[in-house]
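S.K.: Let me give you the structure first, and then I'll get to my questions.
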Amino acid sequence: MASETLTSSEYIRHHLQNLTYGQNPNTGIWEFASTSEAAKDMGFMAFHVDTLSVSFILGALFLTLFYRVGKRMTADTPSGMQNFVESIIDFINENVRGSFNGKNPMVAPLALTVFIWIVLMNTMDLVPVDWLPYLAQQIGTFFGADPHHVFFKVVPTTDPNATFGMALGIFILIIFYSIKEKGAAGFGSELAFHPFGKKMIIFNLFLEGVNLIAKPVSLSLRLFGNMYAGEMIFILIALLPFYLQWTLSLPWAIFHILIVLLQAFIFMTLVIVYMDMAHQKDEH
């Protein structure tokens, strides 16, 4: 597609640019950005339409699939899909029992949602890099747009807005349950008096504050960095001659399956651990 008419650097930038919808600061009109510079000028309130649409569709697919399996569940003659879903749920429950010592019925569903949703979003990295952007270009051309100005970033987790958004949601839950389980005074004293006692409150606040802020940052950057690097390698392979593309892309795709699953598992595990820390109470 674009590699036939764009230089290598333009091709890479094209695949790494989000389909952005926002307000043009010069005209005040809400429109799709035609260049990366225009997208940047739209500022914080612009929407990454590709990230939002793909993640929403995958989330709806996950909910629909699990809902239908749940409605048709039977103990007599379980289907293969039911066995598959039950094995995933057992896997999640085992991890929650091993890492979460509190009592909160929301933690297991939260871990399940995080794991499956991230797996689905990461799996988009295994779709050939030109397929969906080419489809987006054809749709844009149909509506009169310049195909070179139609962007579509396929993998939501290569967008830091998506990973930071998920991490921010988890961070809010951590703060909420920390205050709910320990009380506002207990949570405040935990920040002020740990780990070195009352005589070093300023130092304690600094250390505990950094530790608290590091949780959403670590969640988001780890997932984003690994998936962004994987997507970049696929894009670089797509620039090679055709016979080399298949020679290199197939082994990398097979290896990347491990990364897809591993990053989702790490994110889920950290969510469980952080929720467990939010529920822990200092007896002293």
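S.K.: Considering each residue of segment 55-79, count those that are surrounded by 10 or more Cβ atoms within 10 Å (Cβ to Cβ) and of a type in the set (D, E, K, R), and give that number.
M.R.: Within segment 55-79, residues that are surrounded by 10 or more Cβ atoms within 10 Å (Cβ to Cβ) and of a type in the set (D, E, K, R) number 2.
S.K.: Right, another one. Can Ala136 be described as of a type outside the set (Lys, Arg), crowded, with 17+ Cβ neighbours inside 10 Å and touching a Phe, Trp or Tyr at 6+ places or on another chain (Cβ under 7 Å)?
M.R.: yes
S.K.: Against the definition (exposed (fewer than 15 other Cβ atoms within 10 Å of the Cβ), touching a residue at least 24 places away in the same chain (Cβ under 8 Å) and in contact with a His (Cβ under 8 Å, 6 or more places away or on another chain)), how does Thr35 come out, yes or no? First the steps, then the outcome.
M.R.: Details: exposed (fewer than 15 other Cβ atoms within 10 Å of the Cβ): yes; touching a residue at least 24 places away in the same chain (Cβ under 8 Å): yes; in contact with a His (Cβ under 8 Å, 6 or more places away or on another chain): yes.
Yes, satisfied.
S.K.: Further, regarding this structure: So which of Phe44, Phe66, Phe84 is out of contact with any His (no Cβ under 9 Å at 6 or more places or on another chain) and either within 28 Å of Tyr177 (Cβ to Cβ) or touching a residue at least 24 places away in the same chain (Cβ under 8 Å) (or both)?
M.R.: It is Phe66.
S.K.: In this structure, does Leu212 turn out to be surrounded by 14 or more Cβ atoms within 10 Å (Cβ to Cβ), part of a helix (DSSP H, G or I), among the aliphatic types (A, V, I, L, M) and at pLDDT below 95?
M.R.: Yes: the conditions hold for Leu212.
S.K.: Could you tell me which of the residues Asn204, Asn161 is part of a helix (DSSP H, G or I) and buried (at least 18 other Cβ atoms within 10 Å of the Cβ)?
M.R.: Within the list Asn204, Asn161, the selection yields Asn204.
S.K.: Quick check, is Ser178 in a helix (DSSP H, G or I), among the small types (Gly, Ala, Ser) and over 15 Å from the mean Cα position of the chain (by Cα)?
M.R.: Considered against the rule, which asks whether it is in a helix (DSSP H, G or I), among the small types (Gly, Ala, Ser) and over 15 Å from the mean Cα position of the chain (by Cα), Ser178 comes out as yes.
S.K.: Of Ser249, Ser220, which residue is hydroxyl-bearing (Ser, Thr, Tyr) and either in contact with a Ser or Thr (Cβ under 7 Å, 6 or more places away or on another chain) or without any contact (Cβ under 8 Å) to a residue 12 or more places away in the chain (or both)?
M.R.: Ser220
The values are calculated or read from the model by the stated rules, or taken from the named source; none is laboratory data. Remember, it's a predicted structure, so these values are computed and weren't measured experimentally. Please note: Cβ atoms are built from the backbone with ideal geometry, for glycine as well, and neighbour counts cover all protein chains shown.
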